[in-house]
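Below is one structure, written out as structure tokens; the observations come after it.
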Amino acid sequence: MNMNMNDVNNDVNLILFVTNVVVVVMCGAFSAIIPTLTRKSYLFGVKIPLEQQLCPEAKSMKKRYVTVICLCAAAMLMLCVLQYAFRPDLSLIAVMYIPLLIVPVQLIAFVPNWKRALRLKEARGWRVSGATFAETGSSHSRGTMSELPWAWYAASLALVFFSLVAALVKYPSLPDPVPTHFDINMQPDAWTAKSLGAVLMTPLLNLGTLVVLWLSGIAIVKAKLQIDPASPALSFAQHRMYRKRMGHSLGFLTLAIAATVMLPGLLILWPELSIPFWLVVALPTAAIVPVLVVGVRSGQGGCKLKPRVRDVLSEAPGGGPQATHSRLVPGRGDDKHWVLGMFYYNPEDPAHIVEDRFGTSLGFNYARLPVKIGAAAFLLLFVGGYAWLTVLLQSIPLT
């Protein structure tokens with residue numbers, strides 16, 4: 001019996017190790033190609049003339065960045081190997097913490113190049129407008145709630161609702177204690193005293209995750225489009241196509257996560273069910289792929305897309321940017337408002353959500369009070385959640 005249990009635990013640790021390696025490789029690969037996805041008018045968070053994107057110094061910085069990312073990713077992979085070889089019992093903790101190292105790795109690779117880009121811009125005397133984009137003022141340009149891919153979120157909510165109702169219905173007949181963790185064969189290997197909180201924890205966690213992802217989808221739809229004055233119709237069409245594709249990929253990810261989180265909860269209610277472990281791993285892994293593909297193929301704000309502009313404009317409410325009034329956004333293109341080239345801080349800009357200067361995502365104006373409160377709350381929840389999970393995972397037997 002002990003031999004079988006050891007074999008199972010070894011299999012769990014092996015899967016966690018492989019998962020960690022895959023995550024590190026994916027994060028490292030995506031980080032390495034970020035300069036190719038960022039708008040060509042940005043050089044490591046510094047606004048430069050478009051024609052200077054291919055200057056020798058810019059190419060050298062990008063090569064240096066990729067080299068640092070690759071070396072650090074290799075070091076992270078070595079850390080994964082050493083952890084698995086010498087402390088396999090820490091595999092769950094490693095899955096939580098090793099991927100977080102990509103954040104300081106990004107800083108190590110990015111910040112020196114940001115400083116070089118600032119010095120290069122000053123030395124060459126490059127002058128660029130402080131107002132990079134015209135921000136459309138029409139509510140149509142923001143997108144309407146009807147553009148949100150509701151089918152994905154409705155299906156996800158249906159799964160969460162089913163798990164909540166099933167937990168309440170089955171609760172009186174459940175044994176005491178109830179399982180809290182499952183091994184590679186999806187058999188319980190840890191238990192806790194029966195309580196309504198323990199049984200509802202999984203569906204409530206699922207509901208919270210759904211709300212966060214749903215709000216992320218709304219943010220994508222409702223974010224103001226930033227129109228390039230040099231080619232307003234094209235940039236408008238690119239933004240709309242990017243927003244639609246990213247919305248559907250995020251919706252698919254939401255549904256996959258809802259299904260993944262629901263599966264262990266079903267085993268608590270119906271222990272006789274047979275759910276393969278590979279399904280629990282494959283669902284969220286496969287769902288991440290569309291998000292990455294959309295980001296890589298679209299570029300920042302859809303700048304790499306080549307839409308049929310006339311078709312996109314004909315489908316847009318109001319007919320596109322020509323039917324809206326727009327204004328140049330002062331200061332957003334000024335380097336002094338971008339701390340480390342990544343964090344926007346401009347009290348004179350009323351916007352809360354802006355386009356980042358590095359990568360494909362949206363960012364925030366950290367000078368706005370709601371953003372400050374939200375960032376502080378997120379940091380508190382993130383640190384607190386990680387601390388709670390770290391303590392909780394210490395009680396799960398894996399060796």
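The values are calculated or read from the model by the stated rules, or taken from the named source; none is laboratory data. Keep in mind that what you see is a predicted model, and the values were worked out from it rather than measured. Don't worry about glycine lacking a Cβ; one is built from the backbone with ideal geometry, like all the others, and counts go over all protein chains shown. These accessible areas exclude ligands, DNA and RNA; they are computed on the full protein's heavy atoms, side chains included. Shrake-Rupley method; radii C 1.70, N 1.55, O 1.52, S 1.80 Å.
Observations on the structure shown:
- Condition check for residue 115 on (1) open to solvent by 60 Å² or more (accessible area, probe 1.4 Å); (2) in contact (Cβ under 8 Å) with a residue 24 or more places away in the chain: one failure, at (2).
- The one condition in (1) at pLDDT 80 or above; (2) within 30 Å of residue 32 (Cα to Cα); (3) part of a helix (DSSP H, G or I); (4) not hydroxyl-bearing (Ser, Thr, Tyr) that residue 282 fails to fulfil: (1)
- For the range 37-62, filtered to residues that are part of a helix (DSSP H, G or I) and touching a helix residue (DSSP H, G or I) at 6+ places or on another chain (Cβ under 8 Å), the residue that is surrounded by the fewest Cβ atoms within 10 Å (Cβ to Cβ) is 57.
- Filtering the range 336-353 to residues that are in contact (Cβ under 8 Å) with a residue 60 or more places away in the chain and surrounded by 21 or more Cβ atoms within 10 Å (Cβ to Cβ) leaves 338, 341.
- Residues that are under 14 Å from residue 291 (Cα atoms) and at pLDDT 80 or above within the range 217-240 comprise just one, 217.
- Yes/no for residue 65 being among the aromatic types (Phe, Trp, Tyr), open to solvent by 30 Å² or more (accessible area, probe 1.4 Å) and outside any loop (DSSP other than H, G, I, E, B): no
- Residue match in the range 167-180 (condition: of a type in the set (Gly, Ala, Ser) and at pLDDT 75 or above): yes
- So residue 88, is it at negative phi and open to solvent by less than 40 Å² (accessible area, probe 1.4 Å): no
- Qualifying residue in the range 199-211 (condition: in contact with a strand residue (DSSP E or B) (Cβ under 9 Å, 6 or more places away or on another chain) and either free of Cβ contacts under 8 Å to residues at least 40 places away in the same chain or more than 26 Å from residue 385 (Cβ to Cβ) (or both)): yes
- Within the range 374-388, the set of residues being within 20 Å of the chain's Cα centre (by Cα) and either open to solvent by 60 Å² or more (accessible area, probe 1.4 Å) or free of Cβ contacts under 8 Å to residues at least 60 places away in the same chain (or both) comprises 374, 375, 376, 377, 378, 379, 380, 381, 382, 383, 384, 385.
- Flag for residue 102 being assigned to a helix (DSSP H, G or I) and modelled with pLDDT of 85 or more: yes
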